[in-house]
Amino acid sequence: MDEGRRAEARRVADELLGVLSLERSLGATKALLVAGLVDLHDTVASNPAPGAERLVRSGHEGTPLVAEFLYAELAPLLGVTIPAASALVSDVMDLRHRLPRTWAALLAGRVELWQGLQVAQAKGMRDLDRAAAARVDRLVEPCLGRLAWRRVLRKLAGLIVAADTEAAAARAERARGEQFVRVTHDGDGMSTLVARLRTAGAVLLEAAVDGYVRQEVAAGSTEQVDVLRAEGLVRLATPTAASDAAGTLRRPEATVVVHLSPDSEVVRTEGDLGPVLKAHLAELLQHHRIRVLPVVDLADHPQVDAYEVPVGIGRHVRARDPFEMFPFSVRGSRGLDLDHSDPWRDDGTRGQTRAANLAPLGRFAHRAKTHGDFELTQTAPGILAWVTRLGYEWLVDRQGTHPRGDVPNAGGADVSFG
């Protein structure tokens, strides 16, 4: 490399270092601002009504209390869900109050915000009391900014175990009793299955899948082994014609809400399946009993005079609003309450329970609206205007969340809290 190119490369590298330093500074500022909002939300009404806002622990042992509706205020500002906002507050407050040396390293720019959050989130860290967490913090702090991050995490894991061996043993015992099967639909006609089983059951399952692989290979299959193993797992859950006819294995019932377009090969399904090709939809449902539901005409505006929401109107609203109508929520509307946007009145007014006055909301969002000075107006069917108690305005519709009015970007501000 000649001297001219070397000098230009050094200039670009120096600019990159400057951007990295700015990223760390902004991350620290973000954490400071979150902590500052917690400090300003440390009181609630002295005699709260049922369902009103409560003081809750902002993090884990040793962290201060916070008024819980802060999470509903903070989530849209961050563009995340309420649980995600709550988790960020918890991690930031754990850093400030339980891991002060890591917090200082974050503010000094020695670690990035995501690294500091990973320290707070490390397995077992939240189980430690404040004193034990502080010991781990004191021992891991010299590594921050000096060791590769993977080495920091490995050292941190050992320090957490050593800090409370009884708690580590209890976690191991709990882990042996935790079992699950989780399926994530990838949106391309494929899905990912992750399971945690007792070893004896896992061995039986593996043997059954391997038996299918040997059978297919013996029959002349040239397919890859991993593909055959996946097919073998599906075969275990696939009812045969004989067993189905005999009634020994009942086909599961499928209720799938689909939105079809005659000029598209893509079918949009509600729920976790997401968009799939029409051909794949037939494949998904081939082993299920199909229940056909009436077509929902979203141009209709059904209503009744009673407080309770009839099944038909509920189906209409959930077809119109497939997700919770709170800013940036990802919760599916099925299973959520249908909230009267204009609160129900016992004055005999007719037609209060109508599709244009209902929207799916979780209990927390409903409580924030009812008891937390959050204003809600359904400006048109399926279009909700929210005003938070700090005055931020958000519009929620089928296309997502849209800021209204003045929602400033405070990123990069030089902010300090005592």
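The values are calculated or read from the model by the stated rules, or taken from the named source; none is laboratory data. Since we're looking at a predicted model, the values are computed, not measured. Cβ coordinates were reconstructed from backbone atoms using ideal geometry, including for glycine residues, and neighbour counts include every protein chain displayed.
If Cys143 satisfies every condition in (1) in the same structural domain as Gly62 (by TED's automatic domain parsing); (2) loosely packed, with under 11 Cβ neighbours inside 10 Å but one, which is the exception?
With (1) in the same structural domain as Gly62 (by TED's automatic domain parsing); (2) loosely packed, with under 11 Cβ neighbours inside 10 Å applied to Cys143, the lone miss is (2).
What number of residues within the range 323-350 satisfy the criterion of being in a loop (DSSP other than H, G, I, E, B), in contact (Cβ under 8 Å) with a residue 60 or more places away in the chain and surrounded by fewer than 21 Cβ atoms within 10 Å (Cβ to Cβ)?
Matching residues across the range 323-350 total 4.
If you check Ala157 against the conditions, is it in contact with a helix residue (DSSP H, G or I) (Cβ under 8 Å, 6 or more places away or on another chain) and either at pLDDT 95 or above or within 20 Å of His60 (Cβ to Cβ) (or both)? First the steps, then the outcome.
Values: in contact with a helix residue (DSSP H, G or I) (Cβ under 8 Å, 6 or more places away or on another chain): no; either at pLDDT 95 or above or within 20 Å of His60 (Cβ to Cβ) (or both): yes.
No: the conditions fail for Ala157.
Regarding the range 195-207, can at least one residue be identified that is closer than 30 Å to Gly116 by Cα, in the same structural domain as Val266 (by TED's automatic domain parsing) and exposed (fewer than 15 other Cβ atoms within 10 Å of the Cβ)?
Step one: list which residues in the range 195-207 are closer than 30 Å to Gly116 by Cα, which gives 195-196.
Going one step further and asking which of them are in the same structural domain as Val266 (by TED's automatic domain parsing), we end up with 195-196.
With exposed (fewer than 15 other Cβ atoms within 10 Å of the Cβ) added as a condition, the list becomes 195-196.
Checked against the condition, which is being closer than 30 Å to Gly116 by Cα, in the same structural domain as Val266 (by TED's automatic domain parsing) and exposed (fewer than 15 other Cβ atoms within 10 Å of the Cβ), the range 195-207 yields at least one hit.
Which count do you get for residues in the range 8-60 that are surrounded by 11 or more Cβ atoms within 10 Å (Cβ to Cβ) and assigned to a helix (DSSP H, G or I)?
22
Regarding Ala167, is this residue surrounded by 11 or more Cβ atoms within 10 Å (Cβ to Cβ) and within 22 Å of Arg98 (Cα to Cα)?
Yes; evaluated as a whole, the condition is true for this residue.
Looking at (1) surrounded by fewer than 18 Cβ atoms within 10 Å (Cβ to Cβ); (2) farther than 29 Å from Pro50 by Cβ, can you tell me which one His316 breaks?
(1)
Where in the range 82-144 are there helices (runs of 4 or more DSSP H), lying wholly inside it, with at least 3 residues that are under 30 Å from Thr388 (Cβ atoms)? Walk me through it before giving the result.
Working: elements: 82-98, 100-107, 113-121, 130-140.
Passing ranges, in order: 82-98, 100-107, 113-121.
Just checking, which of Gln378, Gln352 is among the polar types (S, T, N, Q) and touching a helix residue (DSSP H, G or I) at 6+ places or on another chain (Cβ under 7 Å)?
Working: Gln352 fails: touching a helix residue (DSSP H, G or I) at 6+ places or on another chain (Cβ under 7 Å).
None of the others qualify; the one that does is Gln378.
Would you call Val136 at pLDDT 90 or above, over 26 Å from Gly18 (Cβ atoms) and not assigned by TED's automatic domain parsing to the domain that holds Val89?
When the stated conditions are applied, Val136 does not pass them.
Among the residues in the range 151-164, are any closer than 23 Å to Val34 by Cα and either in a helix (DSSP H, G or I) or without any contact (Cβ under 8 Å) to a residue 12 or more places away in the chain (or both)?
Looking for residues that are closer than 23 Å to Val34 by Cα and either in a helix (DSSP H, G or I) or without any contact (Cβ under 8 Å) to a residue 12 or more places away in the chain (or both), one finds none in the range 151-164, hence no.
On the given criteria, is Arg363 basic (Lys, Arg) and surrounded by 12 or more Cβ atoms within 10 Å (Cβ to Cβ)?
no
Being among the small types (Gly, Ala, Ser), under 20 Å from the mean Cα position of the chain (by Cα) and either surrounded by 20 or more Cβ atoms within 10 Å (Cβ to Cβ) or closer than 19 Å to Ile82 by Cα (or both) is true for just one of Ala368, Ala355. Which residue is that?
Result: Ala368 is the single residue among Ala368, Ala355 that is among the small types (Gly, Ala, Ser), under 20 Å from the mean Cα position of the chain (by Cα) and either surrounded by 20 or more Cβ atoms within 10 Å (Cβ to Cβ) or closer than 19 Å to Ile82 by Cα (or both).
Enumerate the pairs (first residue in the range 7-35 and in the same structural domain as Ala85 (by TED's automatic domain parsing); second residue anywhere and surrounded by 10 or more Cβ atoms within 10 Å (Cβ to Cβ) and among the β-branched types (Val, Ile, Thr)) with beta-carbon separation below 8 Å, excluding pairs fewer than 6 apart on the same chain, so at least 6 apart or on different chains.
Arg24/Val111; Thr29/Val415; Ala31/Val92; Leu32/Val415; Leu33/Val415; Val34/Val89; Val34/Val92; Ala35/Val92
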